[in-house]
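> If you scroll down you'll find the structure; I have some questions about it.
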Amino acid sequence: MEQRHLGRTGLRVSRIGLGTLTWGRDTDEHDAADQLKAFWEAGGTLVDTADVYGGGEAEYLLGQLVERLVPRRDLVIATKAGSVPDPDRRFDGSRGHLLAALDASLERLGTDYVDLWQVHAFDPETPLEETLQALDIAVSSGRARYAGVSNFCGWQLAKAATWQLASPGVRTRLASTQMEYSLLQRGVEREVLPAALDLGVGLLPSSPLGRGVLTGKYRHATPADSRGASEQLAPFVEPYLDEAASSIVDAVATAADGLAATTLQVALAWVRDRPGVVAPIVGARNAQQLTAALSVEALSLPDEICQALDDVSAPVHRYPDQDWSTL
């Protein structure tokens, strides 16, 4: 699998990442092992998790499989901290919480360091400089090799990345930002992606298949074994089952037919090769689904197909994002 630099850093990662959102909850140890082995054998290196996935079980499960199944040196392990199970405070970006969460993650993962440590979301209750100081401490102490953020809007990402570049002292450059990005969700193109490109921050798209909808599996009905039929994940899928999404999925399917490819391959290739994108994070229920996604490595979309998909899925960007002379 082709490797790409993560932002403006020396860290190289596979251009498809393996997501572990369902590990320890919907994905058991057997299926997780099959996925990790298939991913590694295909040349994949970037494995993304978080301290809250499966209540910590995703990290623990990954830690049990590393070394026993795949050499630690062959993986780029990325995890996140900052989300908390508190109805009154969804995110805690305080230095104390983040560093304690990192130590707990390392214990579950059974490793001395993570390759990429990400702040899971912006915490408006904590000064941003305090949150970023936790990243500096993590890297300087050797507990993390690189640092990034997740779910930061445009101004938040720009402020954080600029702070790390411009503040005095030894600061850790932000390597990445993880955001939802697909043909069904192109909101990052307004401000997040331009900021990331300008500041040398690599984009790691989550839900690159539109929460599974861009595989085409929901075109005619909701499969009984799908996330859309799951009591826990149905509300996650439902926003992308509207008429607008259906038109985009139909266009992807038409392109796939013309290329003798699958709908999944076309949708994933589109987001993988967008400017600023480093590695879409793909989550699968089993190794068979993952293998289908990894087969996109051999596909590059013709320019005319990319343009057609751009047109059919184009978000509305007006003031102040577009040329003011047209107003």
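The values are calculated or read from the model by the stated rules, or taken from the named source; none is laboratory data. Since we're looking at a predicted model, the values are computed, not measured. Cβ sites come from the backbone with ideal geometry, for glycine too, and all protein chains shown count toward neighbours. Note: areas computed on protein heavy atoms with side chains; ligands, DNA, RNA excluded. Shrake-Rupley method; radii C 1.70, N 1.55, O 1.52, S 1.80 Å.
> Among the residues of the range 110-135, which ones are surrounded by 18 or more Cβ atoms within 10 Å (Cβ to Cβ) and not in a loop (DSSP other than H, G, I, E, B)?
Matches in the range 110-135: Val114, Asp115, Leu116, Trp117, Gln118, Val119, Thr131, Leu132, Gln133, Ala134, Leu135.
> Restricting attention to the range 18-74, which residues are on the phi < 0 side of the Ramachandran plot, in contact with a Gly (Cβ under 8 Å, 6 or more places away or on another chain) and open to solvent by 60 Å² or more (accessible area, probe 1.4 Å)?
Leu21, Arg25, Glu57, Tyr60, Gln64
> Spot the failing condition for Ser141; the list is (1) more than 16 Å from Leu203 (Cβ to Cβ); (2) in contact (Cβ under 8 Å) with a residue 24 or more places away in the chain, and only one is missed.
(2)
> At least 2 residues that are of a type outside the set (S, T, N, Q) and within 29 Å of Thr9 (Cα to Cα) in each: list the helices (runs of 4 or more DSSP H) lying fully within the range 213-303 that qualify.
263-272, 287-294
> I would also like to ask the following. Starting from the range 204-221, take each residue that is on the phi > 0 side of the Ramachandran plot and list its partners that are open to solvent by less than 30 Å² (accessible area, probe 1.4 Å) and among the basic types (Lys, Arg), counting only C-beta distances under 7 angstrom and pairs at least six apart or across chains.
From residues that are on the phi > 0 side of the Ramachandran plot, there are no pairs.
> OK, next. What residue, of Ala260, Ala314, Ala269, Ala279, is open to solvent by 40 Å² or more (accessible area, probe 1.4 Å), at negative phi and modelled with pLDDT of 90 or more?
One residue alone meets the criteria, Ala314.
> Tally time: how many residues in the range 136-187 are among the aliphatic types (A, V, I, L, M), in a helix (DSSP H, G or I) and open to solvent by 10 Å² or more (accessible area, probe 1.4 Å)?
Qualifying residue count for the region: 5.
> With respect to Glu107, is the statement that it is within 19 Å of Gly283 (Cβ to Cβ) and at pLDDT 95 or above true?
no
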